[in-house]
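Q: Quick one: this structure, given as structure tokens, is what I'll be asking you about.
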Amino acid sequence: MEPSPFELPADTVQRIASELQCHPADERVALRLDEEDELRHFREHFYIPKMQDLPPIDLSLVNKDENAIYFMGNSLGLQPKMVKTYLEEELDKWAKMGGYGHEVGKRPWITGDETIVGLMNDIVGANEKEIGLMNGLTVNLHLLLLSFFKPTPKRYKILLEAKAFPSDHYAIESQLQLHGLPIEESMRIIKPREGEETLRIEDILEVIDKEGDSIAVILFSGLHFYTGQLFNIPAITKAGQAKGCFVGFDLAHAVGNVELHLHDWGVDFACWCSYKYLNAGAGGLAGAFIHEKHAYTVKPALVGWFGHELSTRFKMDNKLQLIPGVNGFRISNPPILLVCSLHASLEIFRQATMKALRRKSILLTGYLEYMIKHYYSKDKADTRKPIVSIITPSRIEERGCQLTLTFSAPMTYVFQNLEKRGVVCDKREPDGIRVAPVPLYNSFHDVYKFINLLISVLDSAETKE
């Protein structure tokens with residue numbers, strides 16, 4: 001399956017079609033891509049929802065025993081099968097030995113987060129001392145901003161992208177209010193050009209260059225939740241730091257989706273959740289990163305006892321020995337049941353590797369893009385033909401696995417009728433349906449089936465009109 005370094009997904013699809021002597025949209029192409037997929041067995045590590053168990057399903061339209069087409073890993077990842085085993089291990093330990101579980105077993109409760117943090121190294125491109133597993137994403141974002149956002153009369157702005165995820169937006173607003181700063185002047189939002197959906201990197205860098213002296217912190221998404229645009233993290237980091245800004249990222253939609261090299265890129269801080277591509281379950285244990293260059297200079301504004309060195313933590317002498325770096329930002333003991341579900345997923349990532357997952361993802365999403373464009377590109381000769389537009393950038397280096405689609409047909413009709421047919425995706429205001437084939441558990445045949453169901457839905461929309 002592995003394409004050459006210079007072979008684009010569309011070229012791979014056409015090459016395989018040529019080998020099979022069939023049309024690129026033929027089902028045989030999808031089946032061949034699955035045959036050649038070296039990661040296909042990882043699908044067996046997850047529970048795939050059945051058609052009959054989906055609340056919106058119309059059983060008259062589907063085979064109730066078939067697997068759903070789950071393209072919503074960008075919102076909630078599927079459950080790894082080992083989650084139950086790991087949870088039962090800790091529940092049994094609690095039942096059998098009570099408080100002794102704090103110090104024994106493969107996940108001692110006192111150091112539960114530390115037992116799995118090394119599995120994050122490859123995923124975010126950092127060393128263990130730069131990664132903390134704790135809290136939820138927005139809690140971690142607040143803790144990081146309390147330490148990195150130190151406004152002065154001349155440097156007081158926070159720079160972010162337009163239509164950032166609401167929780168990030170609210171967090172920034174409240175941080176500015178905490179410092180008594182006027183939001184309209186202090187919250188610098190970069191918008192796309194008129195008539196465009198995504199931001200150009202040259203426009204971002206221009207704002208940083210022109211206004212950087214007044215910007216204290218740049219806080220961007222690594223990958224935008226709505227458009228699916230992957231931002232150029234190293235370029236933004238380099239430009240921001242050259243102007244004296246701290247640069248941080250919300251990696252909720254990037255972690256486990258694209259390759260990250262936070263340490264090598266010199267990113268100052270970052271945070272992420274674990275319930276999307278990391279498959280740790282709703283409200284899963286979040287993560288934070290602080291570059292080791294800040295280990296002894298950036299300290300937490302709010303401190304709890306789990307930020308104290310373990311060797312003397314239980315002396316209880318109330319003399320703080322703060323752990324350097326991000327682990328000094330930990331406030332309370334790790335929630336061991338959340339550690340278990342994250343552990344189950346991270347073990348799968350360790351086996352698959354981010355490099356291989358990204359390689360498959362490029363081809364998987366590229367195949368989806370190819371099929372959509374094949375059937376639903378604008379046709380001047382047929383103005384009645386349904387149109388599906390992709391607002392996510394087409395350049396591979398500017399996206400992850402998600403494509404955000406808009407339709408000439410009414411979005412709600414399309415979405416509801418996909419749901420009735422067992423397609424699990426989501427819609428986001430104002431008019432996008434997000435479709436995310438995840439390389440760990442989605443197949444090329446999933447994409448093929450999705451396209452055929454989409455054809456059915458759009459044909460019915462046309463008839464309805």
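The values are calculated or read from the model by the stated rules, or taken from the named source; none is laboratory data. Please read these numbers as outputs of a predicted model, since none were measured by experiment. We place every Cβ from the backbone using ideal geometry, glycine too, and count neighbours over all the protein chains shown.
Q: Is at least one residue of segment 249-268 buried (at least 24 other Cβ atoms within 10 Å of the Cβ), free of Cβ contacts under 8 Å to residues at least 60 places away in the same chain and under 26 Å from Gly118 (Cβ atoms)?
A: The answer is yes, given that some residue of segment 249-268 is buried (at least 24 other Cβ atoms within 10 Å of the Cβ), free of Cβ contacts under 8 Å to residues at least 60 places away in the same chain and under 26 Å from Gly118 (Cβ atoms).
Q: With the requirement that a residue be surrounded by fewer than 19 Cβ atoms within 10 Å (Cβ to Cβ) and either touching a Lys or Arg at 6+ places or on another chain (Cβ under 6 Å) or modelled with pLDDT of 95 or more (or both), what does segment 429-448 give you?
A: Answer for segment 429-448, where residues must be surrounded by fewer than 19 Cβ atoms within 10 Å (Cβ to Cβ) and either touching a Lys or Arg at 6+ places or on another chain (Cβ under 6 Å) or modelled with pLDDT of 95 or more (or both): just His445.
Here's the yes/no breakdown for (1) free of Cβ contacts under 8 Å to residues at least 60 places away in the same chain; (2) under 26 Å from Ala280 (Cβ atoms):
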| residue | (1), (2) |
| --- | --- |
| Thr12 | no, no |
| Cys22 | yes, no |
| Arg28 | yes, no |
| Asp34 | no, no |
| Glu38 | no, yes |
| Ile48 | no, yes |
| Asp53 | yes, yes |
| Ser60 | yes, no |
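Q: Check Leu78 against each of (1) more than 26 Å from Phe329 (Cα to Cα); (2) surrounded by 18 or more Cβ atoms within 10 Å (Cβ to Cβ); (3) touching a helix residue (DSSP H, G or I) at 6+ places or on another chain (Cβ under 8 Å) and name the one condition it does not meet.
A: It fails just one condition, (3).
Q: Residues of segment 294-322 being exposed (fewer than 15 other Cβ atoms within 10 Å of the Cβ), in contact (Cβ under 8 Å) with a residue 40 or more places away in the chain and within 20 Å of Asn127 (Cα to Cα), which ones?
A: Leu310
Q: If you don't mind, another one. For Ile451, indicate whether it is under 21 Å from Ser75 (Cα atoms), over 23 Å from the mean Cα position of the chain (by Cα) and either surrounded by 23 or more Cβ atoms within 10 Å (Cβ to Cβ) or at pLDDT 95 or above (or both).
A: Yes: the conditions hold for Ile451.
Condition check ((1) of a type outside the set (Gly, Ala, Ser); (2) surrounded by fewer than 18 Cβ atoms within 10 Å (Cβ to Cβ); (3) in contact (Cβ under 8 Å) with a residue 12 or more places away in the chain; (4) farther than 19 Å from Gln229 by Cβ) across all residues:
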site: Phe165; (1), (2), (3), (4): yes, no, yes, no
site: Glu184; (1), (2), (3), (4): yes, yes, no, yes
site: Ile189; (1), (2), (3), (4): yes, yes, yes, no
site: Leu199; (1), (2), (3), (4): yes, no, yes, no
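Q: Looking at segment 411-427, is at least one residue in contact with a helix residue (DSSP H, G or I) (Cβ under 8 Å, 6 or more places away or on another chain), free of Cβ contacts under 8 Å to residues at least 40 places away in the same chain and either assigned to a strand (DSSP E or B) or within 17 Å of Glu369 (Cβ to Cβ) (or both)?
A: Yes, segment 411-427 contains a residue that is in contact with a helix residue (DSSP H, G or I) (Cβ under 8 Å, 6 or more places away or on another chain), free of Cβ contacts under 8 Å to residues at least 40 places away in the same chain and either assigned to a strand (DSSP E or B) or within 17 Å of Glu369 (Cβ to Cβ) (or both).
Q: May I ask you to verify whether Arg384 is within 22 Å of His253 (Cβ to Cβ) and either at pLDDT below 95 or among the charged types (D, E, K, R) (or both)?
A: Considered against the rule, which asks whether it is within 22 Å of His253 (Cβ to Cβ) and either at pLDDT below 95 or among the charged types (D, E, K, R) (or both), Arg384 comes out as no.
Q: Would you pick out the residues in segment 16-66 that are surrounded by 14 or more Cβ atoms within 10 Å (Cβ to Cβ) and touching a Gly at 6+ places or on another chain (Cβ under 8 Å)?
A: Met51, Leu54, Ile57, Val62
Q: Cβ-Cβ distance below 9 Å, separation of 6 or more or different chains: which pairs start in segment 105-121 with a residue that is closer than 25 Å to Asn257 by Cβ and end on one that is in a loop (DSSP other than H, G, I, E, B) and small (Gly, Ala, Ser)?
A: Going by the 9 Å Cβ cut-off, the qualifying pairs are Met120/Ala126.
Q: For residues in segment 386-395 being in contact with a helix residue (DSSP H, G or I) (Cβ under 9 Å, 6 or more places away or on another chain) and either β-branched (Val, Ile, Thr) or surrounded by 15 or more Cβ atoms within 10 Å (Cβ to Cβ) (or both), which is farthest from Gly118 (Cα to Cα)?
A: So, considering only residues that are in contact with a helix residue (DSSP H, G or I) (Cβ under 9 Å, 6 or more places away or on another chain) and either β-branched (Val, Ile, Thr) or surrounded by 15 or more Cβ atoms within 10 Å (Cβ to Cβ) (or both), the one farthest from Gly118 (Cα to Cα) is Pro386.
Q: Next question. I'm checking my understanding of the structure. Among residues of segment 323-381 that are among the charged types (D, E, K, R) and part of a helix (DSSP H, G or I), which one is surrounded by the most Cβ atoms within 10 Å (Cβ to Cβ)?
A: That would be Lys360.
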